[in-house]
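What follows is a short report on a single structure.
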Amino acid sequence: MAAVVESLSAGSVLLWLFFTAAFFVGLSKGGLPGAGTLSVPLLSLSISPLVAAAILLPIYILSDIAGVWLYRREFSRRNLEILIPAGVAGVFVGWLTAAVVSDQMVSVLVGLTGIGFCLNTWLKSPGNRRQKSASVPAGLFWGTLSGFTSFVSHAGAPPYQVYVLPQQLPKNVFAGTTTICFAVINLAKVVPYAALQTYTVSVFVLCALLLPVALIGTFTGKILTQRMPEKWFFLAVQCVLFAISIRLVMKGLS
């Protein structure tokens, strides 16, 4: 990881990929779930997915602080009570199986789940799109899977959205629940990531450069969330989920 950071130059393509990835992370913390999932695949065009995920973790955590503050009054307590313990358990499972589960396998699994959910939602007639309530068994399953895939490549959004989107929460409550849930999951990844990767001064210097970009993305995401009509907000979330899911499947099969 340190070698990757130390090889960066002021005008390198990889450095600009880092800036773009940090902006996507910020957008996701500002209320556009799924945008952050693009960050690791973007960096994976040039470096190892695990290294990319480890370098971006401090950016996720610092952006979480701003995101939690923005949505500190808008969230679903019931969903957080179910999803947070499940997500942390998923991180622990990811840590235990890091040596035997490939990135490719996880990418295909998450991608197919997201594609299936989007197609099922879009192909249903409006009369059959019934609102669902927060269910403990379903929440534990999807929450654990979300924590697991978040650990592997910060790709926890597709499983999370499969569970939460059918509840048809108000968009700000949906965004706030997402931000707070993943803030806790990201904190749970600190010890496992530190055990698997070596963080150096150069890594933290890079994070310091990326943080302002991520914060700009966070406040941009909040503005877009507030101004976008609810119908188009959730359609946008589903379209991003569908695009990411296709990208994950292609990545896993390539």
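Only one residue in P192, P158 is closer than 30 Å to N120 by Cα and in a helix (DSSP H, G or I), so which one is that? Walk me through it before giving the result.
Numbers: P192 fails: closer than 30 Å to N120 by Cα.
Of P192, P158, the one residue that is closer than 30 Å to N120 by Cα and in a helix (DSSP H, G or I) is P158.
Okay, residues lined up against (1) surrounded by fewer than 18 Cβ atoms within 10 Å (Cβ to Cβ); (2) hydrophobic (A, V, I, L, M, F, W, C):
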position	(1), (2)
G111	no, no
G116	yes, no
N120	yes, no
A138	yes, yes
W142	no, yes
Q161	no, no
P170	yes, no
A175	no, yes
F182	no, yes
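Inside the stretch 94-108, can you point out the residues that are in a helix (DSSP H, G or I) and under 21 Å from V191 (Cβ atoms)? Steps first, answer last, please.
First pass over the stretch 94-108, keeping only residues in a helix (DSSP H, G or I): 94-96, 103-108.
Residues satisfying the conditions are G94, W95, L96, D103, V106.
Kindly provide the set of residues from the stretch 201-244 that are at pLDDT below 80, under 20 Å from V40 (Cβ atoms) and in contact with a helix residue (DSSP H, G or I) (Cβ under 6 Å, 6 or more places away or on another chain), ordered by number.
Once the filter is applied, which keeps residues that are at pLDDT below 80, under 20 Å from V40 (Cβ atoms) and in contact with a helix residue (DSSP H, G or I) (Cβ under 6 Å, 6 or more places away or on another chain), the stretch 201-244 yields L241, I244.
Kindly establish whether V5 is outside any helix (DSSP H, G or I) and modelled with pLDDT under 90. Working first, answer last.
Values: outside any helix (DSSP H, G or I): no; modelled with pLDDT under 90: yes.
The answer is no for V5.
Run down L27, L17, L32 and say which single residue is touching a Ser or Thr at 6+ places or on another chain (Cβ under 9 Å), part of a loop (DSSP other than H, G, I, E, B) and not small (G, A, S). So that I can check it myself, show each step before the final result.
Working: L27 fails: part of a loop (DSSP other than H, G, I, E, B); L17 fails: part of a loop (DSSP other than H, G, I, E, B).
Answer to the check: L32.
Assigned to a helix (DSSP H, G or I), more than 22 Å from Y163 (Cβ to Cβ) and among the aromatic types (F, W, Y): does that describe F219? Reasoning before the result, please.
Numbers: assigned to a helix (DSSP H, G or I): yes; more than 22 Å from Y163 (Cβ to Cβ): yes; among the aromatic types (F, W, Y): yes.
Answer is yes for this residue.
Being free of Cβ contacts under 8 Å to residues at least 40 places away in the same chain and more than 18 Å from the chain's Cα centre (by Cα) is the filter here; which residues of the stretch 229-249 pass it?
P229, K231, W232
So, of the residues in the stretch 66-93 that are assigned to a helix (DSSP H, G or I) and of a type in the set (K, R), which turns out to be surrounded by the fewest Cβ atoms within 10 Å (Cβ to Cβ)?
Within the stretch 66-93, the subset assigned to a helix (DSSP H, G or I) is 66-70, 77-93.
Next cut, of a type in the set (K, R) only: 77-78.
Working: R77: 10, R78: 14.
That would be R77.
Considering the stretch 216-239 alone, what residues qualify as being crowded, with 22+ Cβ neighbours inside 10 Å and not charged (D, E, K, R)? Break it down into steps so the answer makes sense when it comes.
Step one: list which residues in the stretch 216-239 are crowded, with 22+ Cβ neighbours inside 10 Å, which gives 217-218, 221-222, 225, 237.
Listed by number, the residues that qualify are G217, T218, G221, T225, V237.
The values are calculated or read from the model by the stated rules, or taken from the named source; none is laboratory data. Computed from a prediction, not measured in an experiment: that's the story for all the values here. Every residue, glycine as well, gets a Cβ built from its backbone with ideal geometry; the counts of neighbours run over all protein chains shown.
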